[in-house]
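The values are calculated or read from the model by the stated rules, or taken from the named source; none is laboratory data. Bear in mind that the values here come from a model prediction, so they are computed numbers and not experimental data. Every residue, glycine as well, gets a Cβ built from its backbone with ideal geometry; the counts of neighbours run over all protein chains shown. The protein model used for the area step is the full one, side chains on, heavy atoms only, and it has no ligands, DNA or RNA in it. Shrake-Rupley method; radii C 1.70, N 1.55, O 1.52, S 1.80 Å.
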Amino acid sequence: PAQAGWKARYAEHRARAREVGTLYDFNDRAAVDASEAERRAEYEARWAKGGVNFVHAFNDLMVNPASNDTIADFVRDKIRATVHDPAVAALLQPHSHPLGTKRICVDTGYYETFNRANVRLVSLRQTPIERITATGIRTTAAEFALDTLVFATGYDALTGALARIDIRGLGGRALREKWAPGPRSYLGLMSAGFPNLFIITGPGSPSVLVNMVVGIEQHVEWIARCLADMRSAGHTRIDATVEAEDRWVAHVDAAAMRTLFPQADSWFLGANVPGKPRVFMPYVAKIGVYRKECDAVADAGYTGFERTRLPG
């Protein structure tokens, strides 16, 4: 019945997703304006429902440290109540970053797992891995025999896939060389000096902060319109200007700095890759806001871009 009800309103859900990016249950109220009892009731309801929707319980959780403390304290209390060993519970409680500035644990019996007799938690922050041995792993404190070792080491988000391709722009400059101090783009769609190279959900766009299908859809629609408009005007080349790119990079950075996101050592700013510059890469905006910004550029004749017709 629930699935049938959802499908009956499919068009409505799709329209809303194109505005907010992901169909979370957003709350327009600030946590600081709610009483402690009201906050706890909201957190309890969302905790019971599960999912990332939890961090949208109030509208100021990602911008106000005091509000974020209330939801972080709630999560720490939940972990403390679930995990029997106080020392293990303490290791699992988030303290190093504002809650939600890294992807949260979408819990399906996860914390209960640490109560099992055959499960042991080892903090690599306290006792780092020294080496992999023939039979397992040696840390600075002990050696662990293993049958299977799973490498969950993360990935080079947003820029890594492009950096692995030898993309060359004007004058033979490599994109990885231009982006060595940090990625630079205009609207997250193009990087100045690399004409006709459209980027899908890369740095400078909402990308990983919204539903990826919706983000890809918006980019493909804009690029298709751009190509059609270029064909109609007889243009064969398009490139972002350096000035427009500079303004957009500053805008994306300013938007991020209004939030708590840059306070976390997350892959959002490349902290998981040694040597990668610390730049908050996604654009912190709902997809509907971003779509309006991109469409306004196109409506105005592609301001910030240079379109030309190449001979022949």
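Go through 179-192, 230-243 and give me the packing order, highest mean Cβ count within 10 Å leading.
179-192, 230-243
Please report the relative contact order for the chain, taking Cα pairs under 8 Å with a sequence separation of at least 6, and give it as a percent rounded to a whole number.
About 18 percent, as a whole number.
Given a Förster radius of 41 Å and the C-beta distance between Glu130 and Asp69 as r, what FRET efficiency does 1/(1 + (r/R0)^6) yield to the nearest 0.05?
0.70
Using only DSSP helix segments of four residues or longer, with each worth -39500 (n - 2.57), what per-residue ellipticity at 222 nm results for the chain after dividing by its residue count and rounding to 500?
Value at 222 nm, helices only, nearest 500: -11500 deg cm²/dmol.
Probe of 1.4 angstrom, ligands and nucleic acids ignored: what's the accessible area per residue over the stretch 155-312, in square angstrom?
That works out to 47 Å² for each residue.
Roughly what would the spin-label model give for Ala233 and Ala271, points 7 Å off Cα along C-beta, in nm?
In this crude spin-label approximation the distance works out to 4.2 nm.
Jot down the per residue volume, in cubic angstrom and as a whole number, of the convex hull over the alpha-carbon atoms of the stretch 119-208.
Per-residue hull volume (Cα only) is 167 Å³.
In a GNM of the chain with a 10 Å cut-off on Cα contacts, which of Arg103, Arg18, Arg39 has the highest mean-square fluctuation?
Comparing Arg103, Arg18, Arg39 in a Gaussian network model of the chain, the most mobile one is Arg103.
With a 1.4 Å probe and every protein chain kept in, tell me what percent of the accessible surface of the chain is carbon plus sulfur.
55 percent
If Rh is defined by the Kirkwood formula over all Cα pairs and Rg also comes from Cα, what ratio Rg/Rh do you get for the stretch 18-167?
Across the stretch 18-167, the Cα-based Rg/Rh ratio is 1.05.
Please get the size of the charge dipole for the chain, origin at its Cα centre, with Cβ charges of +1 on Lys and Arg and -1 on Asp and Glu, quoted in debye to the nearest 20.
That gives the chain a dipole magnitude of about 700 debye.
Average the reciprocal distances over every distinct pair of alpha-carbons in the chain, invert the result, and give the Kirkwood radius in Å.
When all Cα pairs of the chain are included, the Kirkwood radius is 22.5 Å.
Considering only Thr82, Thr108, Thr148, give the residue with the highest GNM mean-square fluctuation for the chain, with springs between Cα atoms whenever their separation is below 10 Å.
Judging by the Gaussian network model, the answer is Thr148.
Looking at the chain as a GNM with Cα springs under 10 Å, which of Ala81, Ala298, Ala89 has the largest mean-square fluctuation?
Ala81
Per residue of the stretch 142-154, what does 6.51 cos²θ - 1.76 cosθ + 1.60 with θ = phi - 60° give for ³J(HN,Hα)? Whole Hz please, x for Gly and Pro, Karplus curve as stated.
Computed from phi, the couplings for the stretch 142-154 are 6, 10, 10, 7, 10, 8, 9, 10, 9, 8, 10, 9, x Hz.
How much FRET efficiency would the formula 1/(1 + (r/R0)^6) give for Ser35 and Gln93, where r is the Cβ-Cβ distance and R0 is 41 Å, rounded to 0.05?
The calculated FRET efficiency here is 0.95.
Quick one: if you stick a label point 7 Å off each Cα along the C-beta vector at Glu306 and Arg247, how many nm between them?
1.6 nm
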